[in-house]
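To keep things clear, I will list the structure first and then write my remarks on it.
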Amino acid sequence: MKQASWYNAERVSQPGSVILNEWRAGRIQASSQTTQNLTIQELANLIGGNVPGGGPAINETTAMRVSAVYACVALICGAISTLPMPIYARSALGRELVDHPYFWLLNESPNDDISAAVFWEYLVSSRLFYGDCFAEIIRPSFRSSGVSGFLPHHPNRVMPFRDMEGRLFYRVTPLIGAMYTLNPADMIHVPSLGFDGLRSPSPITYAARQAVGTALSADEYNSRFFTNGARPDFAITSEKKLDPEQAEMIRATWGEAHGGVMRSHKPAVLMGGLDIKQLSLSAADSQILATSMFQVEQICRVLGVPPHMVGHTDKNTSWGAGVENMGRGFVKFTLKRDLVKFEQEFNRKLWPSRVRLFVKFDLTDIERGDLKSENEAFRIALGRAGEPGWTTQNEVRKAKLLPPIDGGDKLNDGARVSGVLPPADVAANEPA
């Protein structure tokens, strides 16, 4: 029987859609090329590895065991997660606060499972530990451009890749369910320094790898040192020649009777011509504390945290103008480099048409000084000693979360201030 001219036996023999199968094959090929192009160092940075020259594996779990890493990450995450993120509108007079449904998602709860503070803390910690942070933008429907929530994803469960035409996509492997692919418009992606167009190296497991590994090794050494009683090594000597079995028996017996902190001060009873000779403490043992303190400075240097903010006050005082200036520097040079990245990423994903709306973190609380300096600044803003003011009483009360008062919206023009007389020419023209 002669087949029709339109019949294609090869296409019919393939299961499913031929077009869809070709599209999947191209995606798999592009993904395979991306994975195969990873260098050994990039693969080690992705899954964690040992410190060069030997040492413990450095990854998120082991790095968190270092107190300096935990304190630095907790400080940065905590500072950013507590900052409000208002929504503003551009106007002819500058910018003004607006009431928008996205405010609840960004400041209270991005989805039904977590609060906004947990959401921001998760994103910032993911960027510090893995180099990138990801949050899926949830839409009300497939055809909607609105946003109904944000779903954070673990960086190891998101794989950015480019197809054969160079277009960027994100492959997500959820905890439950099948793998799916997202368009960049539906994914919040904030990378770190060293971004190559797809992924970024982890600041902790890449730049601070050696410091974290050394700190872990130092902690383990200290633990063993104090577990054995924090005493220098010693040797048990004998006037007689001992065979290997006798030496091993003496070593085991001594360890059972005097090993550990709880048994370190028990009196020793030696027989058979045995004697103890104490060995001197080595220079490495005496400098182990200094080594640990140096690693704290190294870790703080990589993460941009002033050492005094994590309790390391060896080289500076805990009080004074110098520490206060370092705190301002932490906000200016450490936090803002992350805040600007988040602001720009959310703005271009929430409002891709460049509307007049935008989001920006409010740094008022974190940049606020001591009470005396704050009150002095408010006095200058309200106007004092005949100087014109540039804010009103109700604006100050609003900043302090206080209700407005009658007559508090009038701006002081400096013409008449309580306790200060007006100029002579102005007083002469006033009616009696």
What are the ³J(HN,Hα) couplings of the stretch 118-130, residue after residue, when phi is run through the Karplus curve with 6.51, -1.76, 1.60 and θ = phi - 60°? Round to Hz, x for glycine and proline.
5, 4, 5, 4, 5, 5, 5, 5, 5, 5, 6, 7, 10
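Share of Cα-Cα pairs in the stretch 335-410 beyond 19 Å, in percent? Before the final figure, lay out each step's value.
Details: 1588 of 2850 pairs.
Of the Cα pairs, 56 percent sit more than 19 Å apart.
Order LYS410, LYS332, LYS349, LYS341, most accessible first, counting only protein heavy atoms with a 1.4 angstrom probe.
Values: LYS410 165, LYS332 125, LYS349 20, LYS341 75 Å².
My answer, sorted largest first, is LYS410, LYS332, LYS341, LYS349.
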Skipping prolines and chain starts, which residues have an amide H placed within reach, meaning under 5 Å, of the one on ILE58, given they are 5 or more residues away or on another chain?
GLY49, ASN50, VAL51
Among PHE150, PRO160, LEU198, whose Cα lies farthest out toward the positive end of the dipole of the stretch 127-201, if unit charges sit on the beta carbon of Lys, Arg (+1) and Asp, Glu (-1)?
PHE150
Report, by chain and number, residues whose modeled amide H sits under 5 Å from the one on GLY149, excluding near sequence neighbours (fewer than 5 apart, same chain).
ILE138
Counting only residues 5 or more apart in sequence or on a different chain, those whose built amide H sits under 5 Å from that of MET187 are ILE137
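So how do VAL305, VAL340 rank on accessible area, 1.4 Å probe, biggest first, that is with the largest at the start?
On the way: VAL305 5, VAL340 65 Å².
Largest accessible area first, the residues go VAL340, VAL305.
How large, in percent, is the carbon and sulfur part of the accessible surface of the stretch 76-169 at a probe radius of 1.4 Å? It would help to have the intermediate numbers written out before the result.
Working: 2540 of 4680 Å².
Of all accessible area on the stretch 76-169, carbon and sulfur atoms account for 54 percent.
The values are calculated or read from the model by the stated rules, or taken from the named source; none is laboratory data. Nothing here was measured: the structure is a model prediction, and the numbers come from that model. Heads up, the Cβs are rebuilt from the backbone with ideal geometry, glycines too, and the neighbour counts pull from every protein chain shown. For the accessible areas, the whole protein counts, side chains as well, though only heavy atoms, and no ligand, DNA or RNA atoms are used. Shrake-Rupley method; radii C 1.70, N 1.55, O 1.52, S 1.80 Å.
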